[in-house]
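**Student:** Got a structure here, written out as structure tokens. Questions coming.
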Amino acid sequence: MTFMTENSALLSPAAYVEAVTTAVAASAAYYGDGTTPLGDDEYDGLLRAIAAYEEAHPDEVLAESPTGKVAGGAAQGDVPHSVPMLSLDNVFDADELAEWAAGLERRLGRPVAAWCVEPKLDGLAIAARYRGGRLVQVLTRGDGLAGEDITHAADAVLGLPPVLTEPIDVELRGEVLLTTAQFEEANRIRLAHEATPFAHPRSGAAGTLRAKDRPYRIELTFFAYSAIGLDDLGHVALLERLAALGANTAASTAAAPMRCETVEQVQERIDVIAGLRTELPFGIDGVVVKADTAEDQRQAGNGSRAPRWAVARKLAAEHKVTRLLAVEWNVGRTGIIAPRAVLEPVVIDGVTVTYATLHNPSDITRRGLMIGDQVFVYRAGDVIPRVEAPLADQRTGAESPIVFPEACPRCGDAIDTSEQRWRCVRGRSCQAVASVIYAAGRDQLDIEGLGGTRAIQLVEAGLVKDIADLFTLTREQLLGLERMGETSTTNLLAAIETARGAALSRVFCALGVRGTGRTMSRRIAAHFGSMAAIRAADADTLAGVDGIGTEKARVIAAELLELAPLLDRLQAQQVGTQVTEPQKPAADASDGEDDSAGGPLAGQAVVVTGSMTGPLAVLSRNEMNELIERAGGKASSSVSKRTTLVVAGEKAGSKRTKAEELGIRILDPEEFAALVAGLLPTT
Ligand SMILES: [Zn+2]
């Protein structure tokens with residue numbers, strides 16, 4: 001608050017407005033709940049500075065100035081609007097619009113002389129007060145009757161001139177928003193200051209207008225569309241006048257306001273603007289239709305909330321076109337098998353969408369989707385993005401049909417397709433079957449004779465709920481099962497007995513801990529040497545294992561905690577406790593997975609930041625880290641002196657800056673993809 005230290009000097013116009021606001025707020029707080037953000041001396045100093053300014057500029061005195069008022073005008077906490085700031089009624093389709101237009105013409109008793117059609121900007125309405133052509137105060141809409149003083153934010157708003165081209169008294173009204181470019185820049189700046197990126201341009205604009213004392217500046221844009229004090233102008237003429245005064249208007253955009261003679265022309269113009277929506281450099285959430293002439297507007301008048309001569313034709317929620325890259329089939333906890341679309345990443349309404357729901361198989365069939373299709377993706381508010389229709393006329397012939405699974409992708413058993421939502425016939429026990437089959441696999445416990453059918457049988461009979469139960473199976477129990485003879489029972493029990501003595505790395509791998517495959521299991525086993533040591537490790541200790549970044553370490557630590565009861569029972573069965581692990585990861589030629597000691601990132605400590613593009617765009621951050629580990633590097637989440645390589649994608653912020661300061665090698669996603677090309681997952 002600069003005016004405090006220079007209260008003998010004359011305030012600038014903006015500082016005057018701020019001083020008035022501060023004084024009003026302080027006295028409101030003081031006379032309200034007895035608190036005050038200012039000391040008495042400071043408050044008095046503030047009042048003196050305000051009075052001095054008003055003496056020198058008697059024609060700029062604000063109505064809410066505390067000077068000469070009882071209690072400093074504390075009765076009003078918010079700043080009243082000169083004329084209420086109304087909102088607009090909405091219509092949602094062409095019929096409703098036609099109905100609204102007909103209603104207006106009935107009220108007028110004649111056709112509307114002309115219409116004006118303009119984009120409905122997705123920002124915040126403000127009122128900007130000018131005295132003698134100088135900007136003196138900016139208010140939010142507030143409750144329509146009184147708003148919040150946000151004059152402090154005016155400097156960062158493009159298109160809202162501090163001085164008009166004419167020295168007139170006028171109040172401009174319009175919308176403040178972040179354009180798409182400003183939104184991206186704002187998030188770049190925020191990331192660089194370790195602030196959370198804005199989720200959406202509108203909330204970003206709202207937060208920016210209110211914020212004070214931010215250590216950085218975020219630019220916004222103003223579009224004027226109304227004014228108090230420029231009466232008797234039709235709407236299109238008013239917009240021209242606003243532009244002539246130096247204010248920004250939508251006239252400079254592809255969706256420029258346009259006069260229309262008939263409702264049919266209005267509908268056509270709406271369609272044009274709606275079609276331009278994705279190309280506009282800012283977000284719109286509808287199209288505004290107004291009776292254009294001042295005479296029509298006056299005669300129609302205003303309702304209590306909205307003018308009767310204007311309406312917002314809301315546009316359907318946001319759609320974007322992107323490519324359907326693949327369909328994943330995920331099995332939920334209850335055995336529901338749900339398709340999920342993997343998309344070429346696309347930003348919808350400020351949010352990057354990579355996955356979208358496809359609901360169920362019949363939905364896919366109904367929409368006729370194919371892999372490789374250009375598809376409409378819908379996202380509005382917080383709903384889960386969903387794939388709508390394919391753009392069938394844009395097919396190139398390279399598209400391929402979506403393959404529906406014939407067996408449960410997790411346990412391999414049959415799928416119940418009698419309902420729209422497919423479900424593994426195992427239901428909830430699908431998970432148990434799958435984990436037993438995985439644990440018995442050749443690269444884990446290698447229990448011959450425990451394939452899909454047998455695992456299902458054991459789970460169904462209630463003999464096995466997890467892998468520890470395998471080691472308590474008795475001959476009698478197994479002989480009691482169908483198609484289980486003496487020989488197979490003997491063989492299975494022998495295989496299980498052998499598995500009891502399996503190497504630690506195999507037992508660990510059999511647990512199916514998220515983020516650990518064969519290679520990682522070998523490294524963990526070699527690093528710790530015993531299951532007890534692994535269990536005693538916290539995330540930090542786990543991160544000391546070659547190739548485990550902090551992110552993966554956290555996941556593994558959490559999983560181990562969850563598996564504690566199972567691990568207790570395995571220990572009681574002396575599983576994985578009999579063979580000591582060699583303390584160096586041995587090359588395992590029989591293992592199909594290449595141990596990456598000599599990979600392209602051998603010896604490198606790698607940090608990934610920003611959004612990945614190109615071939616890496618489909619990878620989650622965890623998948624990126626796995627890729628780094630596959631390539632022999634160590635992934636970690638923070639840049640330090642030990643970091644040797646930073647992969648910096650779009651919107652990379654403070655980590656990139658730090659890497660630059662430390663002189664660490666920086667690659668963009670494309671360069672990095674080329675470096676690890678042979679190890680990229682194939683799609
Ligand atoms: Zn299943």
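**Student:** Roughly how far apart, in whole Å, are the Cα centres of the range 247-289 and the range 110-138?
**Tutor:** Comparing the Cα centres of the range 247-289 and the range 110-138, I get a distance of 15 Å.
**Student:** Shifting gears a bit: If you find the alpha carbon centre of the range 471-505 and of the range 212-232, how far apart are they in angstrom?
**Tutor:** Centre-to-centre distance over Cα atoms comes out at 76 Å.
**Student:** For the range 427-500, what's the relative contact order in percent, using C-alpha pairs closer than 8 Å and at least 6 residues apart?
**Tutor:** Across the range 427-500, relative contact order equals 32 percent.
**Student:** Over the chain, what is the percentage of antiparallel beta bridges among all DSSP beta bridges, to the nearest 5?
**Tutor:** Restricted to the chain, the bridges split so that about 80 percent are antiparallel.
**Student:** Under a point spin-label approximation (7 Å from Cα along Cα-to-Cβ), what is the residue 326-residue 213 distance to one decimal in nm?
**Tutor:** Between residue 326 and residue 213, the simple spin-label model gives 4.9 nm.
**Student:** Then there's this: With a point put 7 Å past each Cα toward its Cβ, work out how far residue 493 is from residue 577 in nm, to one decimal.
**Tutor:** For residue 493 paired with residue 577, the spin-label model returns 2.2 nm.
**Student:** Skip the ligands, DNA and RNA, and give the accessible area per residue of the chain with a 1.4 Å probe, whole Å².
**Tutor:** 47
**Student:** Another one. If you average the alpha carbon positions of the range 642-683 and of the range 392-422, how far apart do those two centres end up, in angstrom?
**Tutor:** Going from one Cα centre to the other spans 36 Å.
**Student:** How would you rank 58-66, 521-529, highest first, on the average number of other Cβ atoms within 10 Å across their residues?
**Tutor:** Highest-to-lowest ranking by the protection proxy: 521-529, 58-66.
**Student:** Oh, and also: With a 1.4 Å probe and all protein chains left in place, how much of the accessible area of the range 605-679 comes from carbon and sulfur atoms, in whole percent?
**Tutor:** Summing carbon and sulfur atoms, their accessible area is 50 percent of the total for the range 605-679.
**Student:** While we're looking at this one, here's another question. Can you tell me the relative contact order of the chain? Whole percent, Cα pairs under 8 Å, sequence separation 6 or more.
**Tutor:** Reported relative contact order: 9 percent.
**Student:** How large a share of the accessible area of the range 116-184, in percent, is made up of carbon and sulfur atoms when the probe is 1.4 Å and the other protein chains stay in place? The partial results should precede the final answer.
**Tutor:** Working: 1200 of 2260 Å².
Whole-percent figure for carbon plus sulfur exposure: 53.
**Student:** Sticking with this structure for a sec: Could you rank the peptides 43-49, 633-639, 294-300 by their average count of other C-beta atoms within 10 Å per residue, with the highest value first?
**Tutor:** The peptides rank, most packed first, as 633-639, 43-49, 294-300.
**Student:** Follow-up. Rounded to whole Å and ordered largest first, report the semi-axes of the equivalent ellipsoid of the range 79-314 derived from its Cα gyration tensor (root of 5λ). Walk me through the numbers on the way to the answer.
**Tutor:** Values: eigenvalues 183, 88, 47 Å².
With the √(5λ) rule applied to the range 79-314, the semi-axes are 30, 21, 15 Å.
**Student:** Roll a 1.4 angstrom probe over the protein heavy atoms and tell me the percent of accessible area of the range 427-500 that is carbon or sulfur.
**Tutor:** Percent of accessible area from carbon and sulfur atoms in the range 427-500: 50.
**Student:** Below 15 Å Cα-Cα, how many Lys pairs turn up in the chain? Only count pairs eight or more apart in sequence, or on different chains, if you could.
**Tutor:** Values: 120/290; 120/314; 290/314; 552/634; 641/655; 641/658.
Lysine pairs meeting both conditions in the chain amount to 6.
**Student:** Assigning unit charges at the beta carbon (Lys, Arg +1; Asp, Glu -1) and nothing else, what dipole magnitude in debye, to the nearest 20, does the chain show about its Cα centre?
**Tutor:** 1620
**Student:** Quick one: length gained pulling residue 268 to residue 357 fully straight, 0.36 nm per residue minus the C-alpha distance?
**Tutor:** 28.7 nm
**Student:** Hey, another quick one. Compare the Cα positions of 195, 121, 137 along the charge dipole of the chain (+1 at Cβ of Lys, Arg; -1 at Cβ of Asp, Glu; about the Cα centre) and return the one farthest towards the positive end.
**Tutor:** Of the candidates, 195 comes out farthest on the positive side.
**Student:** For residue 657 and residue 165, compute 0.36 nm times the residue count separating them, minus their Cα-Cα distance, and round to one decimal in nm.
**Tutor:** Taking 0.36 nm per residue and subtracting the Cα distance, the gain is 172.9 nm.
**Student:** Okay, moving on. When the dipole is taken about the Cα centre of the range 442-586, and only Lys, Arg (+1) and Asp, Glu (-1) are charged at their Cβ, what size is it in debye, to the nearest 20?
**Tutor:** So the magnitude is around 320 debye.
**Student:** In the chain, with Lys and Arg counted as +1 and Asp and Glu as -1 at Cβ, which of these residues, 267, 537, 98, has the Cα nearest the positive end of the dipole, that is, farthest along it?
**Tutor:** Final value for the positive-end residue is 537.
**Student:** Turning to a different aspect of this structure: Bins of 20 Å, beginning at zero and ending with the bin holding the largest distance: percent of Cα pairs per bin for the chain, please.
**Tutor:** P(r) for the chain, in whole percents per bin: 14, 34, 29, 18, 4, 0.
**Student:** Another question, if that's okay. Assign one of three labels to the range 427-500, namely rounded, prolate or oblate, based on the Cα gyration tensor with a ≥ b ≥ c the square roots of its eigenvalues; rounded applies when a/c is under 1.5, prolate when it is not and a/b is larger than b/c, and oblate otherwise.
**Tutor:** It comes out oblate by the Cα gyration axes.
**Student:** Among 45, 368, 221, whose Cα projects farthest towards the positive end of the dipole of the chain, with charges put on the beta-carbon of Lys, Arg (+1) and Asp, Glu (-1)?
**Tutor:** Going by the Cα projections, it comes out as 368.
**Student:** To the nearest 0.05, how large is the calculated FRET efficiency for residue 568 and residue 667 if R₀ is 35 Å and r is the Cβ-Cβ distance?
**Tutor:** 0.20
The values are calculated or read from the model by the stated rules, or taken from the named source; none is laboratory data. Just so we're clear, the structure is a prediction, and the values are computed from it rather than from any experiment. So basically every Cβ, Gly included, is an ideal-geometry build from the backbone, and we count neighbours across all protein chains shown. Note: accessible area is taken over every heavy atom of the protein model, side chains too, but ligands, DNA and RNA are not part of it. Shrake-Rupley method; radii C 1.70, N 1.55, O 1.52, S 1.80 Å.
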